[in-house]
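The values are calculated or read from the model by the stated rules, or taken from the named source; none is laboratory data. What you see is a predicted model; the values in this text were computed from it and never measured. Here the Cβ positions follow ideal geometry from the backbone for every residue, glycine too, while neighbour counts run over all protein chains shown. Please note that ligands, DNA and RNA were not included when accessible areas were found on the heavy atoms of the full protein model with its side chains. Shrake-Rupley method; radii C 1.70, N 1.55, O 1.52, S 1.80 Å.
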Amino acid sequence: MILTVTLNTALDLTYRVPELVPHASHRVDEVTERPGGKGLNVARVLAALGHESVVTGFVGGRTGAALRELLAPLAPVDALVPIAGSTRRTIAVVDAATGDTTQLNEPGPQVTAGEWETFLGTYEPLLREADAVALCGSLPPGVPVGAYADLVRRARAASVPVLLDTSGEPLRRGLAGRPDLIKPNLDELARLTGSREPLRAARDARRRGAHAVVASLGPEGLVAVTPDGTWQATPPAPVRGNPTGAGDSAVAALLSSLVEGLPWPDRLTRAVALSAATVLAPVAGEYEAEAYETLLTQVRVSDVPG
């Protein structure tokens, strides 16, 4: 079983409009709702890849009830912890004319100290059943900024490989727990290290506490700095579509291939192919299966010296 943690879950709304024009009224062609938050997206992709997945984190209010109702018929097991506050919403507006997506993210509910302790009481038993764990996304108000470092240490104490996918101060603090893997994008990595040169920044992040670093370069693929070597993986060509959730699919690819014992080049091939196939899908947490199978044969992985 692979456990995903989403402390700031969301009800994802996707609006499709013919063309997004600032300061104008728009007729929405299509609306979709999905249970969201990075870890829930990861869990849904893991399930599609054939892995048992369990989701935990916080959920509350009418929005949280709608999220759980949408999650119920899907494959991931719901181990979310109820809270008094209301789960946030995220809104993606997809411009059909350009393929571009505008994202609006609410901040999330206030979490009390008691609710945090209840979550920890749920997390520990789930760890004992997990083959790997992903700690994903932002922290809602009230959760300690060093929460991820604590959760990483608890996973490592249970001998469970842990992937950390967050940004800003939670990422900086989380490195103190020495996660097995972090997966920032280039902007997140630059904010952490002060460098926009991917290899230099990834190596710096390893020195700060990450065992391995896989950095997303957007349409240019991924770069990985690990104890076993350094690689760059690139898709055959850029793809256009909705990039929401592409990074979450990369996390699912890295976790699934870790559990399967695949070597790093195969992990990166899967991550790039799945990310690109997700851009082609209409909403986060899904991917175009046929495109994924084709891309697996086309991704290029090259060794990087030094």
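Using a 1.4 Å probe on the protein chains only, how many percent of the accessible area of the chain belongs to carbon and sulfur?
Details: 6470 of 12890 Å².
Carbon-and-sulfur percentage of accessible area, whole number: 50.
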**OP:** Please state the charge dipole magnitude for segment 119-163, taken about the Cα centre, from unit charges on C-beta atoms (+1 on K and R, -1 on D and E), reported in debye and rounded to the nearest 20.
**Re:** 120 debye
Original post:
On full extension of the chain, what length is gained from GLN110 through ARG200, given 0.36 nm per residue of separation minus the C-alpha to C-alpha distance?
Top reply: 28.7 nm
Original post:
How far, in nm, would the chain grow between ARG153 and ARG128 when pulled straight, counting 0.36 nm per residue and subtracting the alpha carbon separation?
Top reply: 7.6 nm
Original post:
Which values of log₁₀ I(q)/I(0), to two decimal places, follow from the Debye formula for segment 153-247 at q = 0.20, 0.22 Å⁻¹ with a uniform point scatterer at every Cα?
Top reply: -0.95, -1.10
Original post:
For the peptides 47-57, 152-162, what is the packing order when you average, over each peptide's residues, the other Cβ atoms within 10 Å and list the highest mean first?
Top reply: 47-57, 152-162
Original post:
Could you give the distance between the Cα centres of segment 213-241 and segment 255-306, to the whole Å?
Top reply: 10 Å
**OP:** Taking the Cα centre of the chain as origin, sum charge times position over the Cβ atoms of Lys and Arg (+1) and Asp and Glu (-1), and report the length of that vector in debye to the nearest 20.
**Re:** 880 debye
Original post:
At each listed q (0.18, 0.21, 0.22, 0.28 Å⁻¹), what is the log10 of I(q)/I(0) that the Debye formula gives for segment 241-306 modelled as equal alpha-carbon point scatterers?
Top reply: -0.61, -0.79, -0.85, -1.16
Original post:
Rounded to the nearest 0.05, what FRET efficiency is calculated for ALA96 and SER25 with R0 set to 22 Å and r the Cβ-Cβ distance?
Top reply: 0.85
**OP:** Rounded to the nearest Å, what's the spacing between the alpha carbon centres of segment 65-136 and segment 168-189? Just the number, please.
**Re:** 19 Å
Original post:
Assuming R0 = 41 Å, what is the FRET efficiency of THR297 and ALA65, from their Cβ-Cβ distance, to the nearest 0.05?
Top reply: 0.45
Original post:
Taking only protein heavy atoms and a 1.4 Å probe, what accessible area per residue, in Å², does segment 1-140 have with all protein chains in place?
Top reply: 44 Å²
Original post:
With all pairs of different alpha carbon atoms counted, what Kirkwood hydrodynamic radius in Å does segment 72-214 show?
Top reply: 16.8 Å
